[in-house]
Ligand SMILES: Nc1nc2c(c(=O)[nH]1)N[C@H]1C(S)=C(S)[C@@H](COP(=O)(O)O)O[C@H]1N2
Ligand SMILES: [Mo]
């Protein structure tokens, strides 16, 4: 073994090497954080959907296989969006640390990694619906800033590695830490701050507040007093807007200025129709209660809600457009690129298929489709309830497929007859004696004629039905159970207005909605 080489790089212990690597990884994180921060601030100024982080998140949503989306919804409930953003952020952080390590060992390859990660954000931002050249600016700025900061920080960190003597090393280490800390901290601050500002100043909010709802030309009949049961724990007949489930692919809620909104009816029509928001509001609007359900709702689940909608019947607009013969589907498209394929007949028959502008007496909440969404009784949301809708293309099921159909879900999605026990709760304890079992049952656009409850393996007993609000809404029911001590299983099943009995056969939510009976276990003390 040769003697120690004098004058060459100081020999470093493995502990020093490890510290140097930590510094390099931190440099990578700080550089990417600075880049993302600049991008978020620019996105706030230019357009919220141009944020590379959020564009990448939506791209992940669009590309993810449906089983993964299913499990994200199943595991995290409707908190799927923060989960997706956090996963993308974690992945980016891992790549950033890697970029730092690589830049230290083999420059300029770390900068290449940073540029490539930024490039992915750029591709994502440019492929989002409604993107323009401006959408590229935040990502490009992020790449330039990230690459530059990485080069500077790695230079600083190498200076620490190669400085000789405790004092000189201490000084260069401080310089590095201050620089990297500033880049990382400001980047995170700008990213988080940008998000807060973006959601806070959403133009939509002010637009929502400024517009007063027109009075309905056709008001909904008052709710019959017998339609709403006074049972603690039952889902209220009408779901409040803030309690209404939310399902969509939008990581950033589209913010649409009603003044620039328009709907176009295109495709297989005799006349293309364009409708502005003012024109829509000037039409005779109708109120109707409709229960909306998600195809991803498992038996007994909560992805269902009932609201009073105000809107204009789509059949009148389609009449103006004049669908050509042969057309059998309407592909509705939202401002953010989502599509739903609705059978033409469901939009031309006499049901309350509407372009809705209000929900329970207020303008549509942004996350429920402001300014305009579709509501179609009898069909799952994924084939009918397009939020932020901007186009209705009259077409055929052979020629076109909608967002979820491309991802393995059925092209047709009629709501399946189902029922749910709301009270008592699963695994709850009740006292012996008369226990009120209650819940809801639904078969939109058909109606419910009977609900039955079964205790353990006893024969089915009829539940009492609340008055129906309409065939398009769920119906409340209750059953007075003479509960004996012990553990019991309660099961519910409904029969629709055609006499069809809810099946006990269990099927998964994919491809066209779950079937089976809702059962709960309770302890009677
Ligand atoms: N633009 C848009 N509209 C959409 C969706 C979407 O992802 N994007 N999801 C649909 C689905 S799957 C359902 S179940 C309903 C849910 O409507 P809600 O969020 O108002 O309850 O919206 C539908 N409309
Ligand atoms: Mo859905």
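The values are calculated or read from the model by the stated rules, or taken from the named source; none is laboratory data. Keep in mind the model is a prediction, meaning the values are calculated, not measured. Every residue, glycine as well, gets a Cβ built from its backbone with ideal geometry; the counts of neighbours run over all protein chains shown.
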- Query: Looking at the stretch 317-324, is at least one residue part of a loop (DSSP other than H, G, I, E, B), more than 16 Å from ligand 2 (Cβ to nearest atom) and either closer than 29 Å to residue 494 by Cα or touching a strand residue (DSSP E or B) at 6+ places or on another chain (Cβ under 9 Å) (or both)?
  - Reply: yes
- Does the stretch 391-399 contain any residue that is within 13 Å of ligand 1 (Cβ to nearest atom), within 17 Å of the chain's Cα centre (by Cα) and either within 22 Å of residue 58 (Cα to Cα) or part of a loop (DSSP other than H, G, I, E, B) (or both)? no
- Message: If I filter the stretch 336-351 down to residues being closer than 20 Å to residue 319 by Cβ and surrounded by 24 or more Cβ atoms within 10 Å (Cβ to Cβ), which single residue comes out as nearest to ligand 1 (Cβ to nearest atom)?
- Response: 342
- Report yes if residue 403 is assigned to a helix (DSSP H, G or I) and touching a strand residue (DSSP E or B) at 6+ places or on another chain (Cβ under 7 Å), otherwise no. no
- Task: Please indicate, with yes or no, whether at least one residue in the stretch 362-372 is surrounded by 18 or more Cβ atoms within 10 Å (Cβ to Cβ), within 16 Å of ligand 2 (Cβ to nearest atom) and under 21 Å from residue 327 (Cβ atoms).
- Result: no
- Determine whether residue 516 is at positive phi and out of contact with any strand residue (DSSP E or B) (no Cβ under 9 Å at 6 or more places or on another chain). no
- Task: Would you be able to tell me the number of residues in the stretch 302-314 that are in a strand (DSSP E or B) and either at pLDDT below 95 or within 16 Å of ligand 2 (Cβ to nearest atom) (or both)?
- Result: 4
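Table: residues versus (1) more than 16 Å from ligand 1 (Cβ to nearest atom); (2) crowded, with 17+ Cβ neighbours inside 10 Å.
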position: 422; (1), (2): yes, yes
position: 434; (1), (2): yes, no
position: 446; (1), (2): yes, yes
position: 450; (1), (2): yes, yes
position: 473; (1), (2): no, yes
position: 478; (1), (2): yes, yes
- Could you name every one of the helices (runs of 4 or more DSSP H) located completely within the stretch 17-134 that has at least 3 residues being within 27 Å of residue 152 (Cα to Cα) and free of Cβ contacts under 8 Å to residues at least 24 places away in the same chain? 80-105, 109-127
- Task: Of the numbered conditions (1) under 16 Å from the mean Cα position of the chain (by Cα); (2) modelled with pLDDT of 95 or more, residue 367 fails exactly one; give the number of that condition.
- Result: (2)
- Task: Answer yes or no as to whether residue 403 is in contact (Cβ under 8 Å) with a residue 12 or more places away in the chain and buried (at least 22 other Cβ atoms within 10 Å of the Cβ).
- Result: no
- Task: Inspect all residues belonging to the stretch 327-335 and state whether any of them is outside any strand (DSSP E or B), within 30 Å of residue 516 (Cα to Cα), away from ligand 1 (no atom under 15 Å from the Cβ) and touching a strand residue (DSSP E or B) at 6+ places or on another chain (Cβ under 8 Å).
- Result: no
- Query: Does any residue of the stretch 277-284 turn out to be without any contact (Cβ under 8 Å) to a residue 60 or more places away in the chain, closer than 30 Å to residue 45 by Cα and away from ligand 2 (no atom under 16 Å from the Cβ)?
  - Reply: yes
- If residue 407 passes every condition in (1) away from ligand 1 (no atom under 16 Å from the Cβ); (2) closer than 25 Å to residue 57 by Cα but one, which one does it miss? (1)
